[in-house]
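The values are calculated or read from the model by the stated rules, or taken from the named source; none is laboratory data. All values derive from a computational prediction rather than experimental measurement. Every residue, glycine among them, receives a Cβ derived from its backbone with ideal geometry; neighbour counts consider all protein chains shown.
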Amino acid sequence: MKYLLKEIRISLLATLSLTVILCGLYPLTVWILSQGLFPHSANGSLIVRKGTVIGAGLLSQGFTGPQYFHPRPSAAGQGYDATLSGGSNLGPLSKEFMEAVKHRVQVYRTENNLSPEAPVPADAVTASGSGLDPHISVANAMLQAERVAKARELTIDAVRKKVQAHIEGRTFGILGEPRVNVLMLNLDLDGKR
């Protein structure tokens with residue numbers, strides 16, 4: 001019995017210690033470091049204009065008009081719902097996935113006035129793992145540039161320059177591919193950046 005009480009006491013102390021460390025000290029340390037080192041990102045990268053939040057630089061938003069660059073498709077809820085972040089969980093051999101991609105390819109080609117044989121970037125027709133990726137590939141942005149230029153009555157060169165100005169390089173110079181943040185590009189085109 002004495003041995004059992006000793007083991008219970010050790011277990012309770014270990015549980016209490018780990019609770020204090022993992023539920024108190026660790027989150028507090030992470031919060032302090034994030035607020036000190038990169039507060040904008042730690043607070044959601046919110047973009048505020050005239051006291052109103054108009055977007056978040058780290059989350060995709062659904063832009064649908066022809067005057068806007070369109071983000072990747074979203075599998076998050078009814079689309080771009082951060083509370084339901086996640087992929088579709090459909091594999092590349094899924095019939096439902098294949099039909100969705102075929103449909104998206106047709107829609108993409110039609111809205112961007114591309115020929116039926118024109119290659120379409122994968123990120124234009126597939127959702128990211130979170131369904132909220134704020135970036136598109138440079139190729140995707142360049143294919144959309146003509147539609148956006150026409151809708152905004154701008155020259156194609158002016159729109160392509162805006163795209164070029166918003167290209168983000170590889171993370172740490174080696175990770176990922178160059179990309180364009182759709183929200184930041186659209187805000188720049190609207191003159192709100």
(request) Go through THR19, THR52, THR83 for me and flag whichever is among the polar types (S, T, N, Q) and not assigned by TED's automatic domain parsing to the domain that holds ASP133. (result) THR19
(request) From the list ALA127, ALA122, pick out the single residue that is hydrophobic (A, V, I, L, M, F, W, C), closer than 23 Å to PRO178 by Cβ and surrounded by fewer than 16 Cβ atoms within 10 Å (Cβ to Cβ). (result) ALA122
(request) Return a yes/no flag: does the stretch 63-86 have any residue that is in contact (Cβ under 8 Å) with a residue 40 or more places away in the chain and over 30 Å from PHE97 (Cα atoms). (result) no
(message) Any residue at all in the stretch 45-55 that's among the basic types (Lys, Arg) and surrounded by 11 or more Cβ atoms within 10 Å (Cβ to Cβ)?
(response) yes
(request) Of all residues in the stretch 131-170, count the ones that are surrounded by fewer than 17 Cβ atoms within 10 Å (Cβ to Cβ) and either outside the structural domain of GLY55 (by TED's automatic domain parsing) or within 21 Å of SER45 (Cβ to Cβ) (or both). (result) 5
(request) Taking only the stretch 156-193 into account, find how many residues are more than 12 Å from MET142 (Cβ to Cβ), of a type in the set (S, T, N, Q) and more than 14 Å from the chain's Cα centre (by Cα). (result) 2
(message) Return the residues of the stretch 1-52 that are within 29 Å of the chain's Cα centre (by Cα), assigned to a helix (DSSP H, G or I) and of a type outside the set (A, V, I, L, M); say none if nothing qualifies.
(response) CYS23, TYR26, PRO27, THR29, TRP31, SER34, GLN35, GLY36, PRO39, HIS40, SER41
(message) Conditions first: (1) in contact with a strand residue (DSSP E or B) (Cβ under 9 Å, 6 or more places away or on another chain); (2) closer than 14 Å to LEU187 by Cα. GLY62 passes all but one, so which condition is the exception?
(response) (1)
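The rows are residues; the columns are (1) in contact with a Phe, Trp or Tyr (Cβ under 8 Å, 6 or more places away or on another chain); (2) at pLDDT 95 or above; (3) under 28 Å from ALA139 (Cα atoms).
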{"site": "THR29", "(1), (2), (3)": "no, yes, no"}
{"site": "HIS40", "(1), (2), (3)": "no, no, no"}
{"site": "ILE47", "(1), (2), (3)": "no, no, yes"}
{"site": "THR52", "(1), (2), (3)": "no, no, no"}
{"site": "THR64", "(1), (2), (3)": "no, no, yes"}
{"site": "GLY87", "(1), (2), (3)": "no, no, yes"}
{"site": "GLY91", "(1), (2), (3)": "yes, no, yes"}
{"site": "GLU96", "(1), (2), (3)": "no, no, yes"}
(request) Looking at (1) touching a Phe, Trp or Tyr at 6+ places or on another chain (Cβ under 7 Å); (2) not acidic (Asp, Glu); (3) not in a helix (DSSP H, G or I), find the lone condition where ASN186 falls short. (result) (3)
